[in-house]
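The values are calculated or read from the model by the stated rules, or taken from the named source; none is laboratory data. Just so it is clear, the model here is predicted, and its values are computed rather than measured. A quick note on method: Cβ atoms are made from the backbone with ideal geometry, for glycine too, and the neighbour counts reach across all protein chains shown. Quick note on the areas: whole protein, heavy atoms, side chains included, nothing else; ligands and nucleic acids left out. Shrake-Rupley method; radii C 1.70, N 1.55, O 1.52, S 1.80 Å.
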Amino acid sequence: MDISADAPQVLYQGAELSGYDAVIPRIGASHTFYGTAVVRQFEMSGVYSAIDSQAIMRSRDKLRCLQILTRSGVDLPVTGFAHSIKDIDRLIDLVGGPPLVVKLIEGTQGNGVILAETRSAACAVIEAFRQLDANILVQEFIEEAGGADIRCLVVGRKVIASMKRQAPPGEFRSNLHQGAVGFQVAITPEERLTAIKAARAVGLRIAGVDLLRSRRGPLVMEVNSSPGLEGIEAVTRIDIASRIITYVEQQVLHQQSKRSNKISITEEKETPRGFIG
Ligand SMILES: Nc1ncnc2c1ncn2[C@@H]1O[C@H](COP(=O)(O)OP(=O)(O)OP(=O)(O)O)[C@@H](O)[C@H]1O
Ligand SMILES: [Mg+2]
C-alpha cells in the first residue's frame, strides 16, 4: 500500500490495482489488523467498499460489539464482563446464576464456549481462564434455544436468507464445526427486524446475524462481518454471492449518480449570475 496523502493506492505484486468500482472485503478473523488496513486504503482512494472498515473492527471485538448492540436497543442474553477474579460471585449472580455460559472473547467456531451447570464449575472455569489472562464473557444460558441458533444473512435492509443450525444431541453449541446441522427456516417478522437492527447498529450493510430463540423473543448472540456463504447457500439454495454482487452494483451506481448530481449543482452555483440584463 502506498499511504501517501496525494495518491493513496493498493499494489498487488508490485502492480497498481486499477479499473474497479468496488471491493467486497472478506477478512478472516486472524487477519483483522492487516485486512482492515487494506480496506481503509481502498476507502481513502474513493473506492466503494461493501463493508466499512470501521464496522469490521467493531464486529471483531465481541465485547465492544455487544455494548454497541445494547446501546441501540437490541436484545441480548444477559451478559457480564469482569477483570478481577474477586468479582466472580457477583458476575455469576449478575447473569442469574448457574447454569451459565462462559465464553473466551477471542474464541471462534465454538471453541472456548463452555456451559457451567453449577456455581463451583463456573468458578473453576472462570478462575482458570483468568489465571491464563484470557478475557471472558459470562452469559445467561438460553436453555429453551435447545442447542439451536438462527443465522440471518442481512444484505442492505433485507434478510435474504436464514438457516437454523441444530447441535447434535448432548451438545449445546450449534456451530457447524462442532457437528451441528443446518436447515432452512422461516423466521418471524420480529426476528427479521432484530437481525436488520443489529447489522445497522454495528454499521454493516452485509452481515451474518446469529439469533437465539428465547422465551422473551429473539436475542442476538453475534454479528459477523465476513459470514461464510457455502453452508447457508447449500441449505437455502439461494445464490447469496450473486445477490451481494447485485446489491453492491446498485450501491455503486447510486453513489456515482449522487456524485455527478453534486458536481452539476456545484457547477451551476459557480456560474456568475446577475451580469446579464
Ligand atoms: N448464552 C447462550 N445460551 C445458549 N446457547 C449459547 C449461548 N451462547 C452461545 N451458545 C451456543 O454456543 C454456540 C457458540 O457460541 P458463540 O457463537 O458465542 O461463539 P463462537 O461460535 O465460538 O464464536 P464465533 O461465532 O465468533 O465463531 C452458539 O452458536 C450457540 O449455539
Ligand atoms: Mg458463533
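Just checking, which of Leu100, Leu115, Leu94 is more than 25 Å from Lys164 (Cβ to Cβ) and either near ligand 1 (Cβ under 8 Å from one of its atoms) or touching a strand residue (DSSP E or B) at 6+ places or on another chain (Cβ under 8 Å) (or both)?
Values: Leu100 fails: more than 25 Å from Lys164 (Cβ to Cβ); Leu115 fails: more than 25 Å from Lys164 (Cβ to Cβ).
Within the list Leu100, Leu115, Leu94, the selection yields Leu94.
Taking helices (runs of 4 or more DSSP H) that do not extend beyond segment 15-133, which have at least 1 residues that are open to solvent by 80 Å² or more (accessible area, probe 1.4 Å) and among the charged types (D, E, K, R)?
Details: elements: 32-44, 53-60, 62-71, 88-94, 119-131.
Because the criterion is at least 1 residues that are open to solvent by 80 Å² or more (accessible area, probe 1.4 Å) and among the charged types (D, E, K, R), the helices (runs of 4 or more DSSP H) in segment 15-133 that meet it are 32-44, 62-71, 88-94, 119-131.
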Right, Val101: in contact with a Gly (Cβ under 7 Å, 6 or more places away or on another chain), within 16 Å of ligand 2 (Cβ to nearest atom) and hydrophobic (A, V, I, L, M, F, W, C) or not? no
Of all residues being of a type in the set (A, V, I, L, M) and not in a strand (DSSP E or B) in segment 134-179, which is nearest to Val95 (Cα to Cα)? Just the residue, please. Ile142
Sort out which residues of segment 150-170 are within 18 Å of Ala207 (Cβ to Cβ), open to solvent by less than 50 Å² (accessible area, probe 1.4 Å) and out of contact with any Cys (no Cβ under 7 Å at 6 or more places or on another chain), and write them in order of number. Ile150, Arg151, Cys152, Leu153, Val154, Val155, Gly156, Ile160, Ala161, Met163, Arg165
Which condition breaks for Ala186 when tested against (1) without any contact (Cβ under 8 Å) to a residue 60 or more places away in the chain; (2) assigned to a helix (DSSP H, G or I)? (2)
Considering only segment 198-225, state which residues are away from ligand 1 (no atom under 11 Å from the Cβ) and surrounded by fewer than 21 Cβ atoms within 10 Å (Cβ to Cβ). Arg200, Ala201, Gly203, Arg205, Arg215, Arg216, Gly217
For segment 171-197, name all the residues that are open to solvent by less than 40 Å² (accessible area, probe 1.4 Å) and aliphatic (A, V, I, L, M). Ala180, Val185, Ile187, Ala195, Ile196
